[in-house]
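As structure tokens, the structure follows; a few thoughts come after it.
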């Protein structure tokens, strides 16, 4: 019979936690470079509702990469999800 090894409680707890998938985010400068516009224009798009943004703990805007790519391709997020 093989010898059982005991895992540390921390390892057991970590294994039991669900994995959260994090979507890649882009900075205003990265989005601006993709569209070849000024970063301030990207901020205006977010204010106008053309592009949604997520705020960091420090208050900086970040944009979902999937949404930016959809906008670049001329599709909406809803069309990509379907």
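Each value in this text was obtained by applying a stated rule to the coordinates, not by laboratory testing. All figures in this text were calculated on a predicted structure; none of them were measured in a lab. Virtual Cβ from ideal backbone geometry, glycine too; neighbours counted across all protein chains shown.
Contact order, relative form, for segment 24-81: 33 percent (alpha carbon pairs under 8 Å, 6 or more residues apart, mean separation divided by residue count). Full extension of the segment from residue 37 to residue 57, taken as 0.36 nm per residue of separation minus the current Cα-Cα distance, would add 4.6 nm.
Hey, quick one: spin label on residue 30, modelled 7 Å out along Cα-Cβ, who in segment 50-68 has an amide N within reach, i.e. under 13 Å? What the label zone holds, given the 13 Å backbone N cut-off, is 54, 61-68.
Under 11 Å from a label point set 7 Å out along the Cα-to-Cβ vector of residue 65, the amide N atoms of segment 22-52 belong to 22-27.
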